[in-house]
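Asks: Got a structure here, written out as structure tokens. Questions coming.
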Amino acid sequence: MFDLIIRNARLTDESLIDIALRDGKIAAVGTVEGEAKQQRDLAGRYYLSAGWIDSHVHCYPKSPIYHDEADAIGVTTGVTTVIDAGSTGADDIDDFYQLTRSASTQVYALLNIARTGIVTQNELADMNQIDKVAVRDAVQRLPGFIVGIKARISSSVVGNNGIKPLLRAKEIQQENGDLPLMVHIGNNPPNLDEIADLLTSGDIITHCYNGKPNRILTPAGQLRASVSQALQRGVRLDVGHGSASFSFEVARVAIAQGILPHSISSDIYCRNRISGPVHNLAHVMSKFFSVGMTLPQVIDCVTHKAADGLRLNSKGRLAVGFDADLTIFTVKQEVRPFVDSAGDRVQGEKHLVPLAAVVAGQWIVTDEGKGNHDFDL
């Protein structure tokens, strides 16, 4: 007996499948025979994917700068898993962990190398903030919650320290089992070439399509040699849209050259959720139709590719034994404006509408699903 069978679900390759869930795991995929406590038939009308993963959010409610509630950016918008990208450091990570236990959304953290996390905008301007022992102890206390470390390496954050915080971050990484390292890039100094040259396989550059002078493209629109070499070493690109870190033009030019993101993430928190330009992960994902990506490519960037980058080994795939995390959605053909972080607008022709999230086998209708009278399964 299965807990839930979802029948006639449409995949991004337009094929139809059944999927059965039991004890929080995917138990069968394909044509499923058998009974279940609950069955829902999508009748080929709705898409289903592995649960969407937002690799870069800010959801520590007590953060004085970037804060939100996990479920407001998670399951209510079709996102089953979020990774907070450095809101907290060693000082507050235990409190953050406890607060997330009551969320329906699954929450993980990238630990800020600064022990205070982001309580100011310049947490790495004081090298004394980087306490290796405190980081090590936090990682050992919360190995299932802390999935990597975060270093914000731009001028407003590091002050006069330049590249030194990143050098320290790489030491911390190597001393703690080679955890994934996400590096925020923005205004220089330090120069992006200095940053890229230090990164190794599995490291993640976030804000990869920002439109600032210190961006991944040269003035001529070509990929910087340092970034090209980093990608060849296995460095990954994360979108991290945010309030100030996504340019349609940079994304369009890069993607036309085959420089696709490994993960599409929102960098969402309360203000850019409510006032834009982020709103939710589905909204960010939808922007990528306008810069040259296909539906399968977009969904890959919030499922198995996102899971691989953060070593969430039981997530991101529709396969037996993986976590029973799913997103049910549709693609609405409708002209609507999209705005990037610089205020540039494009007229999008289609957008993603998340209708339900399944987390560990639990069916949760999204806000948009509740407002869709046709979606009554």
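The values are calculated or read from the model by the stated rules, or taken from the named source; none is laboratory data. All figures in this text were calculated on a predicted structure; none of them were measured in a lab. Glycine gets a Cβ as well: all are built from the backbone with ideal geometry, and neighbour counts include every protein chain shown. In case anyone asks, the SASA skips ligands and DNA or RNA and just uses the protein heavy atoms, side chains included. Shrake-Rupley method; radii C 1.70, N 1.55, O 1.52, S 1.80 Å.
Asks: Using every alpha carbon pair in the stretch 196-290, what percent of pairs falls into each 5 Å bin from 0 up to the bin containing the largest distance?
Replies: Cα pair-distance distribution for the stretch 196-290, in percent: 3, 14, 24, 25, 18, 10, 5, 1.
Asks: Let me ask something additional. Can you give me the Cα centroid spacing of the stretch 277-299 and the stretch 361-376 in angstrom?
Replies: If you average the Cα positions of each part, the centres end up 21 Å apart.
Asks: What value, in deg cm²/dmol to 500, does the helix sum -39500 (n - 2.57) over DSSP H runs of n ≥ 4 give at 222 nm once divided by the residues of the chain?
Replies: Result for the chain: -6000 deg cm²/dmol, rounded to the nearest 500.
Asks: Also, I was wondering about something else. For the ranges 136-143, 89-96, 312-319, what's the packing order if you count other beta-carbon atoms within 10 Å of each residue, average per peptide, and put the highest first?
Replies: Those peptides, ordered most packed to least, come out 89-96, 312-319, 136-143.
Asks: Let me ask you something else. Considering the zone a paramagnetic label at Lys164 would reach in this model (a point 7 Å from Cα along the Cα-to-Cβ line), which residues of the stretch 116-139 have amide N under 17 Å from it?
Replies: 122-132
Asks: Quick one: grab Rg to one decimal and Dmax as a whole number for the stretch 73-216, Cα atoms only, in Å.
Replies: So, for the stretch 73-216, Rg and Dmax equal 14.9, 42 Å respectively.
Asks: Where does the stretch 251-370 land on the Kirkwood hydrodynamic radius, alpha-carbon pairs, in angstrom?
Replies: 15.4 Å is the Kirkwood radius here.
Asks: On average over all directions, what projected area in square nanometres does the stretch 103-170 have, based on the convex hull of its Cα atoms?
Replies: 5.0
Asks: Based on the mean of other Cβ atoms within 10 Å per residue, sort peptides 103-115, 26-38 so the most packed one is first.
Replies: Ranking, from highest mean packing down: 103-115, 26-38.
Asks: Among the DSSP beta bridges whose two residues both lie in the chain, what percent are antiparallel, rounded to the nearest 5?
Replies: Bridges in the chain that DSSP calls antiparallel: roughly 50 percent.
Asks: Just to compare against my own numbers: the Cα pair-distance distribution for the chain, 10 Å bins, whole % per bin, please.
Replies: Per 10 Å bin, starting at 0, the Cα pair percentages come out as 5, 25, 34, 24, 10, 2, 0.
Asks: I would also like to ask the following. Compute the Kirkwood hydrodynamic radius of the stretch 177-247, taking the inverse of the mean of 1/r over all pairs of distinct Cα atoms, and give it in Å to one decimal.
Replies: Its Kirkwood hydrodynamic radius stands at 12.1 Å.
Asks: Please identify the DSSP H helices in the chain that span no less than 27 Å along the helix axis (Cα) and have a mean Kyte-Doolittle hydropathy of -1.0 or more.
Replies: none
Asks: Once you order the gyration tensor axes a ≥ b ≥ c over the Cα atoms, which shape class does the stretch 7-59 get: rounded for a/c under 1.5, otherwise prolate or oblate by comparing a/b with b/c?
Replies: Oblate.
Asks: If you don't mind, there's one more thing I want to ask. Quick check: Cα centre of the stretch 52-100 to Cα centre of the stretch 113-168, how many Å?
Replies: 17
Asks: How much length, in nm to one decimal, is gained on full extension between Thr294 and Asp376, taken as 0.36 nm per residue of separation minus their Cα-Cα distance?
Replies: Length gained, Thr294 through Asp376: 26.7 nm.
Asks: Within straight cross-link reach of Lys315, meaning Cα distance under 16 Å, which lysines are found once same-chain residues fewer than 8 apart are removed?
Replies: Lys25, Lys305
Asks: Accessible area per residue for the chain in Å², computed with a 1.4 Å probe and the full protein assembly in place, what is it?
Replies: Solvent-accessible surface per residue comes out at 38 Å².
Asks: Kindly state, as a whole number, the per residue volume in cubic angstrom of the convex hull around the alpha carbon atoms of the stretch 18-102.
Replies: Here the figure is 131 Å³ per residue.
Asks: If packing is taken as the average number of other Cβ atoms within 10 Å across a peptide's residues, how do 43-51, 279-287 rank, most packed first?
Replies: For the peptides 43-51, 279-287, the packing ranking is 279-287, 43-51.
Asks: Using 7 Å Cα-to-Cβ label points, what is the Ser15/Gln333 separation (nm, one decimal)?
Replies: Distance between label points: 2.5 nm.
Asks: Please work out how much length the chain gains when fully extended from Arg136 to Thr31, using 0.36 nm per residue of separation minus the C-alpha to C-alpha distance, in nm with one decimal.
Replies: Result for the pair: 33.1 nm of gain on full extension.
Asks: Mark the label point 7 Å from the Cα of Ile65 along Cα→Cβ and return the residues of the stretch 233-264 whose backbone N is within less than 18 Å of it.
Replies: Inside the label zone: 240-246.
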